[in-house]
Amino acid sequence: MSGEEFVLSILAIIGGVGLTGFIFYNIFKIIRTWLGGNSYDDETFERLARAFMQHKKETDRRLQNLEAIVTDEDQHTISKSRSGSSSPKQIEEPRRTIEIEEDEENQETKSSDGNLRNMLRE
């Protein structure tokens with residue numbers, strides 16, 4: 001083996017070991033971060049907790065307002081339906097009846113059809 005080949009092989013071994021070490025270091029760093037979780041400092045945690053509590057209070061207030069509106073509407077419709085019978089008489093639209101009048105021609109064709117049927121049966 002010549003000197004140049006020897007130096008080239010040593011450099012390749014050192015480069016490969018360095019690259020492998022770098023890759024393993026980053027993999028272990030990612031695993032350590034993943035196992036450690038997201039650790040927040042106390043100030044950030046307190047700020048997040050306050051924001052969450054404020055959001056929760058606002059949501060509860062909105063829900064209570066919505067429930068009050070719904071129950072008020074329900075009571076309003078119930079009172080309207082109860083007071084509807086005691087309210088002044090409402091004018092109802094008269095109901096129209098439809099009477100079908102048969103023409104004399106239609107009666108004659110029906111009777112002739114009946115005669116035709118009787119004649120076929122005989």
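The values are calculated or read from the model by the stated rules, or taken from the named source; none is laboratory data. In this text the structure is predicted, and so the values were computed from the model without any measurement. These accessible areas exclude ligands, DNA and RNA; they are computed on the full protein's heavy atoms, side chains included. Shrake-Rupley method; radii C 1.70, N 1.55, O 1.52, S 1.80 Å.
Note the full-extension length gain between Q54 and K29 as 0.36 nm times their separation in residues minus their Cα-Cα distance, in nm to one decimal.
Numbers: separation 25, 0.36 × 25 = 9.00 nm, distance 3.62 nm.
Difference between extended and current length: 5.4 nm.
When the Karplus curve 6.51 cos²θ - 1.76 cosθ + 1.60 is applied with θ = phi - 60°, which whole-Hz ³J(HN,Hα) does each residue of region 6-18 get, with x for Gly and Pro?
Using θ = phi - 60°, the values come out as 5, 5, 5, 5, 5, 4, 5, 5, 5, x, x, 5, x Hz.
Quick one: compute a quarter of the convex hull surface over the Cα atoms of region 1-84 and quote it in nm².
Numbers: hull surface 48.1 nm².
Result: a mean projected hull area of 12.0 nm².
Using a 1.4 Å probe, what is the accessible area per residue for region 1-80, in Å²? Please list the in-between numbers first.
Numbers: 7660 Å² over 80 residues.
I get 96 Å² per residue for region 1-80.
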